[in-house]
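S.K.: Take this structure, written in structure tokens, and hold onto it; I'll ask about it next.
Bear in mind these aren't lab numbers, they're just calculated from the coordinates by the rules spelled out. Note that the structure is a prediction, hence the values are computed from the model and not measured. Note: ideal-geometry Cβ built from the backbone for every residue, glycine included; neighbour counts use all protein chains shown.
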Amino acid sequence: MYGTILFATDGSDGAEAALDHALELAASTGATLHVVSVVETRTAYDNAIIDPTEVRANLRADAEAAVERAAEAAAATDVECRTTVLEGPPYERVLEAIDDIGVDAVVVGATGRSGFKRLVLGSTAERLLEAAPVPVVVIGGDC
């Protein structure tokens with residue numbers, strides 16, 4: 001049924017909860033898990049006093065840590081896992097990854113980080129539900 005599953009993460013608690021479901025789905029179907037985290041290139045700090053280059057570097061480090069945690073969790077379950085960190089608008093990059101990788105399903109958390117980030121990932125999940133050419137599993141934080 002599923003040979004390749006994409007798990008989109010921002011490293012938030014909601015994404016971590018969704019990771020468990022992504023791993024279970026991959027293990028039960030024998031699928032390869034592709035973990036993708038997207039560094040938002042336009043941040044809430046672009047017009048602020050804070051250096052946007054430093055903010056992006058911190059966001060990239062967070063994204064790399066998130067995919068590494070997912071890869072470690074996959075290794076503990078013997079699920080084959082590949083990781084990618086992309087840059088740009090999350091919704092657009094995840095849709096591109098769906099096509100580029102050739103995935104059969106997507107797993108994503110319903111909400112992400114608090115504040116601005118929560119709105120971004122929440123809207124990403126909603127947009128993926130509407131536009132993805134494959135099934136999208138959205139996991140709420142209480143699952």
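S.K.: Say R0 is 22 Å: what FRET efficiency, to the nearest 0.05, do T84 and A61 get from their beta-carbon distance?
M.R.: My answer for the efficiency is 0.90.
S.K.: Using 0.36 nm times the number of residues separating D99 and L129, minus their current alpha carbon distance, what extension gain do you get?
M.R.: The D99-L129 span can extend by a further 9.3 nm.
S.K.: Here's a follow-up. What is the sum of charges around T4, taking Lys and Arg as +1, Asp and Glu as -1, for the other residues whose C-beta is under 10 Å from the C-beta of T4?
M.R.: With Lys, Arg at +1 and Asp, Glu at -1, the net is -1.
S.K.: Follow-up. Report the label-to-label distance for T41 and A27 in nanometres (one decimal), using points 7 Å from each Cα along the Cα→Cβ vector.
M.R.: Reported label-point gap for T41 and A27 is 3.8 nm.
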